[in-house]
Amino acid sequence: MANNNFIPWGESLKDLVSQTKCTPSVINTILRERGVFCSSSDKINTVPNLITSLLSPEESYDLLSSIKTKEKLDRVNFRNYEMKGDGDLMDLVSGLIEAEDLQTNDYVNYQISDFNDFTSLDGESTDALVLDFEVCRTDLLDGWYEAKKFFRGSVEIKKGSGSEEDSEVTMSVKLNHSSPETKEIADRVITIVEQSLLENEVIEAPKQGGRVLFDDFTNESRVNFLKDLATHQFQNEFYYKRIDDVHFNPDSELETDHLKEDANLLEKDIEQFRVKGNLEKIITVKWKRVHPYIKVTKVIASYEVKFKSYEGDCKVSYEFSDYAKRKLVNPELCINFVNLKLKGASPLVMSEVQSIIMREIETRKTEFLKIHKITTSDS
């Protein structure tokens, strides 16, 4: 039985602050309230100061409450590689990775609890593969007992050809993750696969690890890329309804004094949209003149979902971000399910639907990257 009156200290406190969800800002806040200020908020600087002293009951409660977590819906990053050689993907990557290759750091609060090598995505093709794994994370909760939480992750690799007019062959990789830990494991899988394919001269050396990054676009093309990716979804399982939200900042490096009239119009449009309005139309029509001067970082859209006998809705976020809360210099494109509701659907069906939707987004992503991404000749 949990002892709610127990206050962690010493090694117990060290185990607690090692939890992924015990962020540096939480520790730093406790220290600042004590009048202790560190040169850096990184745990390597703040944790020693914390564990060498006792927590008050109030501090203990705040710390324990801060690491309560719940499993999130899938988040997906995409990677693209140009192929310069041919070969059967199954032969190239099967048996390449062992579970013990993926967790080299003992100072973490999670372990790989299940691991399956690459298998055919559809049960037939050897050029569309998936590797599944599960992570078990040990969380220390406010009841002061160990609670194990399990998160699924996967890596999909798919080889595809372009159109008849375009004979290029590309390899698209999808990193599917539901927690920071599964993201770490998925990234390591890709690192091992990428290194092997490079050594065997199957793929070209990727720029920026094959990632889709914020700076791959101009301000204007980034607006259009995110808008097109969010709105051009018209499959039976996944049908676009509307754009719900757009996050953006003015580009501080550009002169915008001549846009005062547009800025006033933009402010008016936002105020009106709080009551009513078509945000997609506002973005593409009324905001068009300010596209070169704003940095759009996120678009959130709503969709109807129909799968077999199930019906529901979902929201998807298309964003340049990461799990970290800090501002990143050149963040990677991430697709995030904000919510997914299917009445009567089991967790297995929900997982299947998420995979179907992400594959459709992946197809559109590849299509719109060719249109909107900056090419070498553009830069």
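Among the residues of segment 362-374, how many are farther than 19 Å from Lys159 by Cβ, open to solvent by 40 Å² or more (accessible area, probe 1.4 Å) and assigned to a helix (DSSP H, G or I)?
If we filter segment 362-374 for residues that are farther than 19 Å from Lys159 by Cβ, which is where we start, we get 368, 371-374.
Still in the list and also open to solvent by 40 Å² or more (accessible area, probe 1.4 Å): 371, 373-374.
Imposing the further condition that a residue be assigned to a helix (DSSP H, G or I) reduces the set to 371.
Looking only at that region, the number is 1.
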Based on this model, can you work out whether Lys183 counts as surrounded by fewer than 17 Cβ atoms within 10 Å (Cβ to Cβ), basic (Lys, Arg) and at negative phi? no
Could you say whether any residue in segment 339-361 is within 25 Å of Asn219 (Cβ to Cβ) and either at pLDDT 90 or above or not in a strand (DSSP E or B) (or both)? yes
Kindly indicate whether any position in segment 250-264 is surrounded by 15 or more Cβ atoms within 10 Å (Cβ to Cβ), under 28 Å from Gly209 (Cα atoms) and either of a type outside the set (Asp, Glu) or at pLDDT below 70 (or both). no
State the number of residues belonging to segment 168-216 that are outside any helix (DSSP H, G or I), more than 21 Å from Tyr318 (Cβ to Cβ) and among the charged types (D, E, K, R). 3
Quick one: Leu279 ticks every box in (1) at pLDDT below 75; (2) touching a strand residue (DSSP E or B) at 6+ places or on another chain (Cβ under 6 Å); (3) surrounded by fewer than 16 Cβ atoms within 10 Å (Cβ to Cβ) bar one, so which box is it? (3)
Which count do you get for residues in segment 88-131 that are buried (at least 16 other Cβ atoms within 10 Å of the Cβ), in contact (Cβ under 8 Å) with a residue 60 or more places away in the chain and out of contact with any helix residue (DSSP H, G or I) (no Cβ under 8 Å at 6 or more places or on another chain)? 1
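The values are calculated or read from the model by the stated rules, or taken from the named source; none is laboratory data. The structure presented is a predicted model; accordingly, all values stated were derived computationally and were not measured. FYI the Cβ positions are ideal-geometry reconstructions off the backbone, even for glycines, and counts take in every protein chain you see. Just so you know, the surface numbers come from the protein's heavy atoms only, side chains and all, with ligands and any DNA or RNA stripped out. Shrake-Rupley method; radii C 1.70, N 1.55, O 1.52, S 1.80 Å.
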